[in-house]
Structures are given as structure tokens and as C-alpha cells.
């Protein structure tokens with residue numbers, strides 16, 4: 001059964017600076033204490049394992065998410081963190097569309113590569129189709145008669161091809177045009193720059209693919225036969241987990257700091273392609289584990305909860321579930337630090353909510369200037385772009401910090417451990433530890 005925490009009806013005072021400053025110095029928690037990452041070789045091994053084919057992109061095909069959660073659970077156990085739930089796991093369910101089987105596309109005699117040349121849109125349905133590609137007539141945007149002809153022409157059983165900007169422009173037309181597009185058997189969108197995958201909890205009745213425009217035949221060849229075979233499976237109630245542990249505080253155990261990171265990613269797409277997610281977010285998970293190791297050895301004054309969230313890519317599902325079913329009282333959380341995209345850093349870090357919590361942001365700036373950890377610490381306003389957001393909306397003060405730099409691979413098959421520089425990892429680790437240590441004293 002879950003660990004039963006004591007109930008605290010009255011929040012404790014946030015800090016008593018002078019009383020505990022000597023203890024903080026003895027524990028190495030004051031500025032100038034040793035807060036270096038224990039082992040960058042270990043960090044690289046963590047990122048490499050989480051981003052490896054063994055974990056299938058930490059998605060929902062072949063239970064890659066559960067393999068990742070079990071790895072984090074074992075790391076928590078080895079550090080002797082206190083579990084916040086039975087076996088460190090807080091289960092929850094979500095609907096998710098997956099691509100566990102065939103995912104093939106051929107244009108004429110050319111077989112395109114999934115992940116490299118094309119991807120399935122997250123809500124794509126299944127289908128096996130053969131036939132000529134039909135190019136969307138862009139006159140529908142400027143010529144009323146062309147629009148009428150388009151709506152009168154049946155698309156059933158046909159493979160419709162359109163450019164990305166035209167797919168976006170369709171939304172400016174009456175809803176009848178979008179409904180008509182949905183009647184095609186397949187919709188292929190030609191993307192000019194890069195393929196960016198995501199996760200959906202819904203499934204369309206239509207096959208929907210994105211293809212790099214550079215890999216599609218020239219316009220004169222658009223009548224070339226297209227064959228596609230897509231297997232999509234909607235899981236209406238897939239069970240995944242948050243992995244949750246804590247180091248109990250030595251002085252104010254009922255006051256909490258929280259370190260969070262999501263461990264899930266996009267998983268597999270067909271039998272050949274998977275999304276490694278080295279930067280997003282094996283890097284943040286590795287930093288969470290390094291901070292857990294540090295505080296397991298340097299017991300803090302406040303309790304620190306380490307929350308590895310599942311299903312962030314599906315819409316912050318794991319963190320929303322935690323906020324709805326909290327395992328520590330939300331009112332007792334002094335601050336939450338969310339770690340996501342921690343694998344670069346040549347340009348510094350951005351602090352989401354930095355403009356909302358000015359006092360804590362100024363503290364980060366001062367600590368960075370004192371320690372020369374990162375080249376820049378830039379503030380940003382409110383954004384619903386990672387797992388800090390449900391906490392912020394529930395009134396918990398929170399930052400989401402991410403590193404800026406290169407490479408910029410995002411939600412694609414190129415986000416690999418081998419090309420992730422981890423340039424700012426140690427600097428971000430030191431700044432995060434200094435920040436968490438200082439929050440346990442007065443600002």
C-alpha cells in the first residue's frame with residue numbers, strides 16, 4: 001500500500017535563516033558547498049540507456065514506458081529514497097493511439113523510410129490502399145466555383161495530397177471543406193522542413209501521413225501510383241505510471257521542494273522506427289536522478305520529492321493526475337523545479353514562469369553569477385509546455401528550466417544520445433542544487 005505520510009494541518013514557517021545556517025554549512029548545502037554531478041560517465045550511460053532501442057522510445061508499443069519506469073524505480077530503490085506510493089509507482093490510465101505494426105509508403109517505385117522520409121500523424125487510422133495520388137486544387141482558396149467543384153467531387157477511396165500550408169489554410173474555409181477532406185481514404189501532407197511527431201488519444205477513420213516535400217515526386221508525377229499500409233491501434237485505457245520517491249527533510253520534513261521530469265517519449269512508429277528522445281527527456285530524467293543521488297547523500301532541511309512523470313507527451317497526463325491525486329499536500333510545496341530538455345546548453349537556460357516569480361528568478365540570476373554555471377539565464381512568462389503547468393495552475397510556485405543550444409532535434413528520430421553534447425548539464429545541475437539549497441533558507 002502507499003506510504004502514509006503524516007498529516008500537517010498547519011503549514012510550517014518557510015525558513016529560519018540564521019538558526020540553521022551553521023547546519024547547512026556543515027552539510028555542504030550553502031553556496032560554495034560541493035554540488036558537482038557525481039559522475040558524467042554515469043549521466044551519459046543513463047541517457048544512452050533511456051534512449052536505446054531496448055526501451056522502444058519510452059512509448060506505449062512493447063511497453064517501452066513501463067521499462068523506463070522500472071529502470072527509474074530501481075534507481076530510486078538503490079538510492080534508498082522513501083517511496084511515495086507502493087513500489088514507487090503511481091498508476092493512471094490514458095487513451096493513446098499507437099502504431100505497432102506495418103507502416104509502409106511507396107510512391108511509384110520508391111519506398112519511403114518511416115521516420116526519415118515520412119511519419120504517421122498522431123491520430124491516423126489504419127488502412128491499406130493502392131491508387132493514384134490526387135493533388136488538392138489550391139484554386140479553392142480564391143475561386144468560388146473551384147470550391148464548389150471540389151465539394152462535388154467524391155474523395156471516397158482516394159489518396160489526397162496537399163502541402164502543409166494548404167492544410168492549415170483549409171481551416172479558414174467553411175467547415176464543409178474540412179469534412180470533405182476527411183472523406184478521403186488517406187490524406188498525405190507534404191512538409192517543407194522537418195518531420196515532427198507527437199502523441200494523440202484519438203484515432204481518425206482516415207490514414208493520415210506527413211511526408212518530406214523533398215522526398216515526394218515533382219508535380220508532374222503526382223499521378224504516380226501510391227501504395228500504403230498502415231496499422232494503427234487505439235488503446236482506450238492504457239495503464240502507465242508516475243515514479244515517485246522522496247528524501248525526508250532533517251529539520252522541516254513537512255515542507256517540500258519538488259524536482260520533476262518526464263521520462264516518457266513518443267515510442268515506436270511501425271516495426272522499424274523509434275524515437276530515442278535523448279534530449280526530450282532522457283536528459284532531464286538523468287538530471288533528476290543525479291539530484292536524487294546528491295540529496296540521498298546530503299540530507300536536506302526540507303523534504304525533497306522526486307517525481308518522474310509519465311505521459312507528458314500525451315498532454316501532461318501524468319502531472320495532471322498527480323495534482324488531482326497528490327501524494328504530498330500541494331499546499332506544503334515550497335517550490336517545484338521541472339527539468340526538461342537538459343542536453344544542450346551552449347546558449348544558457350530559459351526559465352518558464354521566471355516573469356511570474358520574480359524573487360526566485362532573481363535568486364537564480366544571483367546564484368548563476370556567483371558560480372558562473374551557465375552563459376545566460378533568461379526569463380519567460382507562463383507556458384503550458386511541460387509538467388510544471390498543472391502545478392502552477394493549482395497554485396504551486398514552479399519553474400520549468402530548459403537548456404538552449406544545438407543540436408535542435410525535437411520529436412524526431414534524430415534525437416539520439418550519441419549526438420547529445422550535454423554541454424550545460426553540469427552547470428545546470430550545480431545551479432539547480434544551489435537554488436534548491438538556498439530555497440531552504442530565506443530569500
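Structural remarks
- D_trans [Stokes-Einstein, Kirkwood Rh over alpha-carbon pairs] for the stretch 102-230, 10 °C, 1.306 mPa s, µm² s⁻¹: 106 µm²/s
- Of 130, 149, 359, the one that fluctuates the most in a GNM where the chain has Cα springs shorter than 10 Å: 149
- 17 Å cut-off, amide nitrogen to a point 7 angstrom out along residue 142 Cα→Cβ, residues in the stretch 173-209: 173
- Cα gyration tensor, the stretch 277-370 - rounded (a/c under 1.5), prolate or oblate: rounded
- Length-normalised contact order of the chain in % [C-alpha pairs under 8 Å, at least 6 apart]: 22 percent
- Listing 260, 372, 392, 250 from fewest to most neighbouring C-beta atoms within 10 Å gives 372, 250, 392, 260.
- Comparing Cα centroids, the stretch 377-443 and the stretch 159-229 end up 34 angstrom apart.
- Spin-label pair residue 325/residue 198, simplified geometry with 7 Å Cα→Cβ offset, distance in nm: 2.6 nm
- Largest GNM mean-square fluctuation across 383, 417, 398, computed for the chain with C-alpha springs under 10 Å, falls on 383.
- Each part gets one Cα centre, and for the stretch 305-337 versus the stretch 236-286 those centres are 10 Å apart.
- Calculated Kirkwood radius over Cα pairs in Å (choose from (i) 26.8; (ii) 23.4; (iii) 22.6), label: (ii)
- Stretching residue 130 away from residue 224 to a fully extended chain increases their span by 32.8 nm, per 0.36 nm per residue minus the current alpha-carbon distance.
- Tilt relative to the chain, helix 425-439 - C-alpha long axis, 0 to 90 degrees, to 10: 50 degrees
- The helix-only estimate of mean residue ellipticity at 222 nm for the chain, built from DSSP H runs of length n ≥ 4 each weighted as -39500 (n - 2.57), is -8000 deg cm²/dmol after division by the residue total.
- Once C-alpha pairs closer than 8 Å and six or more residues apart are averaged by separation and normalised to the residue number of the stretch 102-230, the relative contact order reads 44 percent.
- 0 to 90° range, to nearest 10: angle between helix 64-78 axis and the chain longest Cα axis: 10 degrees
- Efficiency of FRET between residue 382 and residue 74 - r from beta-carbon atoms, R0 30 angstrom, step 0.05: 0.25
- Helix 283-297 axis, angle to the chain major axis (alpha carbon atoms, nearest 10°): 20 degrees
Values in this text are rule-based calculations from the coordinates and carry no lab data. Keep in mind it's a predicted model, so treat the numbers as computed, not measured. Neighbour counts run over all protein chains shown; Cβ positions are idealised from the backbone, glycine included.
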